[in-house]
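Report on one structure; see the data block that follows.
The values are calculated or read from the model by the stated rules, or taken from the named source; none is laboratory data. Note that the structure is predicted; figures quoted are calculated from it, not measured. Here the Cβ positions follow ideal geometry from the backbone for every residue, glycine too, while neighbour counts run over all protein chains shown.
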Amino acid sequence: MAVVEQKANPPVEGEEEIIHLFFKVVEGLSREAREEFAELFSEELKELITGTAISKARKGQIHLSNKTIINVILVSPRARKWVLQKAKEEALRTLELVERLEKMEKEKELTLEDFMEEAEEDE
């Protein structure tokens, strides 16, 4: 029986590391952010995809791939800055929702505990 060796991914350095990190950030962008990206960076996208694809991406009929966005990021400092800012905004929005849900859950738990204490007192 053949044994398949599984090697750990080697550490990524320099430009490769930056691309890898940007790829992770781009993966998390929402559909809306991708549509906005297509709108704002349509000139840069013309070198990578067709005009029809750009138009469809701007309308949300198709969504830009991570690879396409990364290719724009590689040549446009403005796109890099925009992606980082948009990712921060979306992450903060998500964090706010999580905190709100945790607060609601905590209030629910307190209410249940109070209810249980009242039920025990009634017995």
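The residue that is nearest to the chain's Cα centre (by Cα), among those in the range 28-79 that are within 29 Å of Leu95 (Cβ to Cβ) and among the acidic types (Asp, Glu), is Glu32. Considering Ile62, Ile18, the condition of being aliphatic (A, V, I, L, M), touching a Lys or Arg at 6+ places or on another chain (Cβ under 9 Å) and modelled with pLDDT under 95 is satisfied by Ile62 alone. The sole residue among Glu118, Glu107, Glu89, Glu102 that is within 29 Å of Val25 (Cβ to Cβ), modelled with pLDDT under 95, assigned to a helix (DSSP H, G or I) and among the acidic types (Asp, Glu) is Glu102.
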